[in-house]
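What follows is a short report on a single structure.
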């Protein structure tokens, strides 16, 4: 008699997370006859589920909706033989084999694991910010900057992320207004110099975003209410788009004390690979990538992870 509980599922390969990295890893693994099991988490599809038009994913002549792209990846992963379960993993044990992951619905054991739990853009939490997210409010200049050609946009933040987003947006926008709650940037000096020299960038110091304003039908951003952090006085500024650039949070709470994480909480991998410090456990997508954070790079990392798992299991 087995002592394994009835609700325990064993698989050669467990993939935790269902964004572009997870689904791509599943497609490659299933085609290599590894019969992967993918647990989607609470937000199947990841950040792309809150994105409207995606114009930079290869293979689409016209813009594809984020949820539509994720559904296509989901269907492809399932069609090639991936078992996909909607469950939320609460606890993992990678100290012995098989590896264990405990979810709300099942306990999973696996010979190898790929972690694709992703990262989330940090938001200010304003009601109006949530209302216009995807309709002029964005957390990614590389993803959405193209939609603001010759328009006026704002970037909220004062670190490297904000400065990089602002500089990138000058390739598209007519004017970029950087809003920072302090009187100087926190980021690298070289970026500060580039911001100061760029004629398209204007900085509003000592202010924070208090409200996003816009129209209802069709829904679109038209401006912002800024609050002076010293006096409390408010002012209205007309803008066509607002980019919130106050950083990202990788979804790695689950792996603290289990895997090596960097100072920002991202999973550390061996240089040029997706291998974590635990042999047999791999990580892919935004959970390891704080630089590029694109759907296509996440998919590429997912592919790498599946190929590495195949080599690992064969050995």
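The values are calculated or read from the model by the stated rules, or taken from the named source; none is laboratory data. None of these values were measured; they are calculated from a predicted model. Counting neighbours? That spans all protein chains shown, and the Cβs are built from the backbone with ideal geometry, glycine included.
Out of 154, 162, one residue alone is in the same structural domain as residue 237 (by TED's automatic domain parsing), within 18 Å of the chain's Cα centre (by Cα), buried (at least 18 other Cβ atoms within 10 Å of the Cβ) and under 12 Å from residue 244 (Cα atoms). It is 162.
Going by what's in this entry, would residue 286 be described as surrounded by fewer than 15 Cβ atoms within 10 Å (Cβ to Cβ), touching a residue at least 12 places away in the same chain (Cβ under 8 Å) and outside the structural domain of residue 142 (by TED's automatic domain parsing)? When the stated conditions are applied, residue 286 does not pass them. Among what's in region 165-182 and is assigned to a helix (DSSP H, G or I) and touching a strand residue (DSSP E or B) at 6+ places or on another chain (Cβ under 7 Å), pick the residue that is surrounded by the most Cβ atoms within 10 Å (Cβ to Cβ). Filtering region 165-182 for residues that are assigned to a helix (DSSP H, G or I) and touching a strand residue (DSSP E or B) at 6+ places or on another chain (Cβ under 7 Å), the one surrounded by the most Cβ atoms within 10 Å (Cβ to Cβ) comes out as 166.
Farther than 15 Å from residue 245 by Cα, exposed (fewer than 15 other Cβ atoms within 10 Å of the Cβ) and touching a residue at least 24 places away in the same chain (Cβ under 8 Å): is that true of residue 215 in this structure? Judged against the criteria, residue 215 is not a match.
Is it the case, given these coordinates, that residue 71 is within 18 Å of residue 298 (Cβ to Cβ), outside any loop (DSSP other than H, G, I, E, B) and in contact with a helix residue (DSSP H, G or I) (Cβ under 8 Å, 6 or more places away or on another chain)? So that I can check it myself, show each step before the final result.
Values: within 18 Å of residue 298 (Cβ to Cβ): yes; outside any loop (DSSP other than H, G, I, E, B): yes; in contact with a helix residue (DSSP H, G or I) (Cβ under 8 Å, 6 or more places away or on another chain): no.
It is false that residue 71 is within 18 Å of residue 298 (Cβ to Cβ), outside any loop (DSSP other than H, G, I, E, B) and in contact with a helix residue (DSSP H, G or I) (Cβ under 8 Å, 6 or more places away or on another chain).
Considering 142, 100, 117, the condition of being free of Cβ contacts under 8 Å to residues at least 40 places away in the same chain and either surrounded by 16 or more Cβ atoms within 10 Å (Cβ to Cβ) or closer than 18 Å to residue 164 by Cβ (or both) is satisfied by 100 alone.
Where strands (runs of 3 or more DSSP E) fall wholly inside region 183-286, the ranges with 2 or more residues that are over 19 Å from residue 119 (Cβ atoms) are 201-204, 207-215, 220-228, 234-238, 241-244.
Counting just the residues of region 62-71 that are modelled with pLDDT of 90 or more and within 25 Å of residue 141 (Cβ to Cβ), which one comes out surrounded by the most Cβ atoms within 10 Å (Cβ to Cβ)? Ranking the qualifying residues of region 62-71, first place goes to 70. Restricting attention to region 8-48, the residues that are part of a loop (DSSP other than H, G, I, E, B), over 15 Å from the mean Cα position of the chain (by Cα) and closer than 21 Å to residue 255 by Cβ total 1.
Residues in region 218-225: is at least one closer than 15 Å to residue 137 by Cβ and surrounded by fewer than 13 Cβ atoms within 10 Å (Cβ to Cβ)? There is at least one residue in region 218-225 that is closer than 15 Å to residue 137 by Cβ and surrounded by fewer than 13 Cβ atoms within 10 Å (Cβ to Cβ). Among the criteria (1) touching a residue at least 24 places away in the same chain (Cβ under 8 Å); (2) crowded, with 16+ Cβ neighbours inside 10 Å; (3) assigned by TED's automatic domain parsing to the domain that holds residue 17, the one residue 239 does not fulfil is (3). Considering region 290-305, the residues that are in contact with a helix residue (DSSP H, G or I) (Cβ under 7 Å, 6 or more places away or on another chain) and either outside the structural domain of residue 18 (by TED's automatic domain parsing) or at pLDDT 95 or above (or both) include one that is surrounded by the fewest Cβ atoms within 10 Å (Cβ to Cβ), namely 303.
Does residue 83 satisfy the criteria of being in the same structural domain as residue 29 (by TED's automatic domain parsing) and in contact with a strand residue (DSSP E or B) (Cβ under 9 Å, 6 or more places away or on another chain)? Walk me through how you get there before you give the answer.
Numbers: in the same structural domain as residue 29 (by TED's automatic domain parsing): yes; in contact with a strand residue (DSSP E or B) (Cβ under 9 Å, 6 or more places away or on another chain): yes.
Here the answer is yes, as residue 83 does meet what is asked.
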